[in-house]
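One structure below.
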Amino acid sequence: MNQLKTAFWLTLLTVLLLAAGKALGGQAGLMFALVFAVLANATAYFFSDSIVLGMYGARVVSEDEAPELHAIVRQIARVAQLPMPRVAVIESAAPNAFATGRNPSHAVVAVTTGLVGLLSRDELSAVLGHEMGHVKNRDILISSIAAVLAGAISMLADMARWAFMFGSHRSSDDEEGAGNAGGALLMMFLAPIAAFLVQTAVSRSREFLADEAGARFSGKPMALARALQKLEMAATHVPLGASPATAHLFIVNPLTGGGFLSLFSTHPSTADRVEALERLAMEMGTVR
């Protein structure tokens, strides 16, 4: 059921991309958006790991360079019955982590140096279990495609904004020109919001599933709960400065902001996640 829901949301995201292209350039814009959507999906499928790692300066490390990280990930991979992923480190004081790649055989788990310095071994193991949960549930490809398509829609909306400002929406027919202008203006404001809402719908349910998987893989649901609370508090003081298009990839939202902005958060609230983990700890008989 979750796979069907995700497929629905990603299809809707692609439709929004096509609508943005049509509003910007009519039939020609629609064809451009269609080609762009195909290329974006292909790029996300084959190169998502390299793109995301490059965006954050993540460096793949060997076992000699990071023996503890490799040992923890290897243990979790064994429990989860997954191939050993590559391990990457981001030189940043902001504590956070994400997983990317097109499938479990091409997965990468990345952590910041701030995360390693902040958490205990049990908490670090639970966080890495969460990321391996995304790998096990095959969220990493879905999330990467959502990031690429959401970014593409925002880019087309920016193009519509410039086209509207410089009058490229005008037509020799006044009525047609007014219609094109109205469509471009509508997409200019609505497309990024719609893309972000779809992106949010894709990621929020996935975080609960990854939390449960991480808790079971590590055997320490309350360690994950403590880690989430630490990470949320740290994020308000040491923001990562992540791109909005990739914010949903991280274990906690790397973007700060409350009030109205919280309605558009790519993550469920930490309080809700901790509550779910507390229930799971009772079920597992693990309360520490």
Item to check | Amide H contacts under 5 Å for Ala97, placed H, 5+ residues apart | outcome: Ile251, Val252
Next on the checklist: At 0.36 nm per residue, and after removing the present C-alpha to C-alpha distance, how many nm does the segment from Ser105 to Arg59 gain when stretched out fully?
Outcome noted: 14.7 nm
Checklist entry - Roughly what would the spin-label model give for Val79 and Thr286, points 7 Å off Cα along C-beta, in nm? => result 0.5
Checklist entry - Suppose R0 equals 22 Å; then what is the FRET efficiency for Ser50 and Thr113 from their Cβ-Cβ distance, rounded to the nearest 0.05? => result 0.60
Next on the checklist: How would Ile72, Ile193 line up from fewest to most surrounding beta-carbon atoms within 10 angstrom?
Outcome noted: Ile193, Ile72
Next on the checklist: Can you give the FRET efficiency to the nearest 0.05 for Ala271 and Ala28, using r as the Cβ-Cβ distance and R₀ = 45 Å?
Outcome noted: 0.40
Checklist outcome for this item: Computed for region 10-120: size of charge dipole around the Cα centre, +1 on C-beta of each Lys and Arg, -1 on C-beta of each Asp and Glu, debye to nearest 20, value 400
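At a 10 Å Cβ-Cβ cut-off, how would you order Tyr56, Tyr45, fewest neighbours first?
Details: Tyr56 23, Tyr45 14.
Lowest to highest Cβ neighbour count: Tyr45, Tyr56.
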Item to check | Vicinal HN-Hα couplings computed from phi for region 62-77 (Karplus, 6.51 cos²θ - 1.76 cosθ + 1.60; Hz; Gly/Pro x) | outcome: 7, 5, 5, 7, 9, x, 5, 4, 4, 5, 5, 5, 5, 5, 5, 4
Checklist entry - Using θ = phi - 60° and the Karplus curve 6.51 cos²θ - 1.76 cosθ + 1.60, what whole-Hz ³J(HN,Hα) does each residue of region 84-101 get, with Gly and Pro shown as x? => result 5, x, 6, 10, 10, 10, 10, 6, 8, 6, 6, x, 6, 7, 7, 10, 8, x
Item to check | Residue list for region 116-139, given a label point 7 angstrom along the Cα-to-Cβ vector of Glu91 and an amide N cut-off under 13 Å | outcome: none
Item to check | Exposure proxy order (Cβ contacts within 10 Å, fewest to most) of Thr43, Thr236, Thr14 | outcome: Thr236, Thr43, Thr14
Checklist outcome for this item: The set of residues whose placed amide H lies less than 5 Å from the amide H of Val60, leaving out same-chain residues fewer than 5 positions away, is Val89
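If I take R0 = 35 Å and measure r between the Cβ atoms of His237 and Val35 in this structure, what FRET efficiency does the formula 1/(1 + (r/R0)^6) give, to the nearest 0.05?
Details: r = 44 Å, r/R0 = 1.25.
It comes out at approximately 0.20.
Since every read-out is calculated from the coordinates, none of them should be taken as a lab result. Computed from a prediction, not measured in an experiment: that's the story for all the values here. Note that we place each Cβ from the backbone using ideal geometry, even for glycine, and neighbour counts take in every protein chain shown.
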